[in-house]
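Notes to accompany the following structure.
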Amino acid sequence: MKENKFNPLSVYKEDLFKGKTVLITGGGSGIGKHLTEAFLKLGADVIISSRDEEKLIQTQKAFKEELGKEISYFTCDISKPEEVRGMVNASFALKGKIDILINNAGANTLRPTENLTPVRWKAIIDTVLSGTYYVTREVAKKWIKAKFAGNIINIASTTGWTGSPYMAPSGAAKAGIINLGKTLGSEWGKYGIRINDVSPGPVFTKGSFQRLWLNEEIIDSIKSKVPLGKFPGPEDVVGPVLFLASPAAEMITGSTITVDGGEALKVMFDDLVDKFRPRKGGAGDID
Ligand SMILES: NC(=O)c1ccc[n+]([C@@H]2O[C@H](COP(=O)([O-])OP(=O)(O)OC[C@H]3O[C@@H](n4cnc5c(N)ncnc54)[C@H](OP(=O)(O)O)[C@@H]3O)[C@@H](O)[C@H]2O)c1
């Protein structure tokens, strides 16, 4: 199948997010870095945050050189509530407001669950689920106090409802994030705060390649399970996030947009029909 080289930014106005401040956790790598670039190109002020200061500095430098745009950063481990409070306070102090929060930071591990220690389980739950909650709460407290209709987008995952072998803590945490989005969509609607998630299936990033997809054989096998025939890249996540961040999604809250090329759908029966009841003339044999 021919891969889609469409530029998701081309359907959005150049200054769509002018005057808006966007806080992106994990904004220095992978999907988060693509989101940082997209919001910058559409006029937003962007603050990124994660643990590794060197990576944040490199990202800041790269966007200065490539786009001539300044981003701000704060180091923060989102699994530590006091660091989160400091980062959120500093972000509001720097820009005066945050309009859009993207909870993108996450962690994963590929391990048989019987070999997963409680320490490892807790580390991932603390980052993915509790960390998302800590950042969300700190930001939303300020919005509610200021009567500000903010917008939250969580990067969840299809593993949140399909589960995935060897990814027990991350799948459970993503299920928690999706559920949290529905609870808060209902609870905070009265403040005008929206919260939605974009749930990717497997996405090819440097981080996921090093931790999860490991070699070409695994990559080909994943690709063969995607009905749309492509291994999604970070750029595929960008368009749906921009849509949810935009006024076009003003009536959407507590929802999930799945970005997986159909990977989480059941293709089993399709395979079986192709194998045991092939059409006489192949795909062209249509009445
Ligand atoms: N790639 C996929 O296949 C896939 C599929 C579905 C969902 N997702 C989700 O997409 C998001 C981005 O993943 P990615 O694939 O782009 O991987 P990535 O490049 O490794 O991004 C993860 C980011 O999270 C940050 N992070 C990790 N632990 C943190 C902590 N305790 N505190 C603060 N920041 C932390 C990392 O920065 P530091 O190391 O500097 O802290 C990094 O920037 C994650 O939520 C992931 O679960 C990815």
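When Gly68, Gly19, Gly96, Gly32 are checked against the criterion of being farther than 19 Å from Val198 by Cβ, touching a Gly at 6+ places or on another chain (Cβ under 9 Å), at pLDDT 95 or above and among the small types (Gly, Ala, Ser), Gly19 stands alone in meeting it. Only a single item in (1) within 15 Å of the ligand (Cβ to nearest atom); (2) outside any helix (DSSP H, G or I); (3) of a type outside the set (Gly, Ala, Ser) is not met by Ile98, and it is number (1). Of the helices (runs of 4 or more DSSP H) lying entirely inside region 134-239, those containing at least 2 residues that are crowded, with 18+ Cβ neighbours inside 10 Å and of a type outside the set (A, V, I, L, M) span 159-162, 168-188. Just so you know, in region 110-123 the residues that are within 16 Å of the ligand (Cβ to nearest atom) and assigned to a helix (DSSP H, G or I) include one that is surrounded by the fewest Cβ atoms within 10 Å (Cβ to Cβ), and it is Val119. Show the residue pairs that are 6+ apart or on different chains and have beta-carbon atoms under 8 Å apart, the first residue being within region 32-49 and over 13 Å from Ile100 (Cα atoms), the second being of a type in the set (Ser, Thr, Tyr) and within 16 Å of the ligand (Cβ to nearest atom). Here the result reads Gly32/Thr25; Gly32/Ser50; Lys33/Thr59; Ser49/Thr25; Ser49/Tyr73; Ser49/Thr75; Ser49/Ser91, each pair linking region 32-49 to a residue that is of a type in the set (Ser, Thr, Tyr) and within 16 Å of the ligand (Cβ to nearest atom). Taken over region 35-55, residues that are part of a helix (DSSP H, G or I) and either modelled with pLDDT under 95 or buried (at least 22 other Cβ atoms within 10 Å of the Cβ) (or both) amount to 5. Screening Phe6 against (1) part of a helix (DSSP H, G or I); (2) among the hydrophobic types (A, V, I, L, M, F, W, C); (3) closer than 30 Å to Pro247 by Cβ leaves a single unmet condition, (1). Selection over region 1-34 of residues that are more than 9 Å from the ligand (Cβ to nearest atom), crowded, with 21+ Cβ neighbours inside 10 Å and either among the β-branched types (Val, Ile, Thr) or closer than 24 Å to Ser208 by Cα (or both) gives a count of 4.
For (1) farther than 24 Å from Pro202 by Cα; (2) away from the ligand (no atom under 15 Å from the Cβ), each residue gets a yes or a no:
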residue: Ala44; (1), (2): yes, yes
residue: Ser50; (1), (2): no, no
residue: Glu54; (1), (2): yes, no
residue: Ser91; (1), (2): yes, no
residue: Ile102; (1), (2): no, no
residue: Ile125; (1), (2): no, no
residue: Thr136; (1), (2): yes, no
residue: Val139; (1), (2): yes, no
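The values are calculated or read from the model by the stated rules, or taken from the named source; none is laboratory data. Quantities reported herein were computed from a predicted structural model and do not represent experimental measurements. Glycine also receives a Cβ, built like all others from the backbone with ideal geometry; neighbour counts cover every protein chain displayed.
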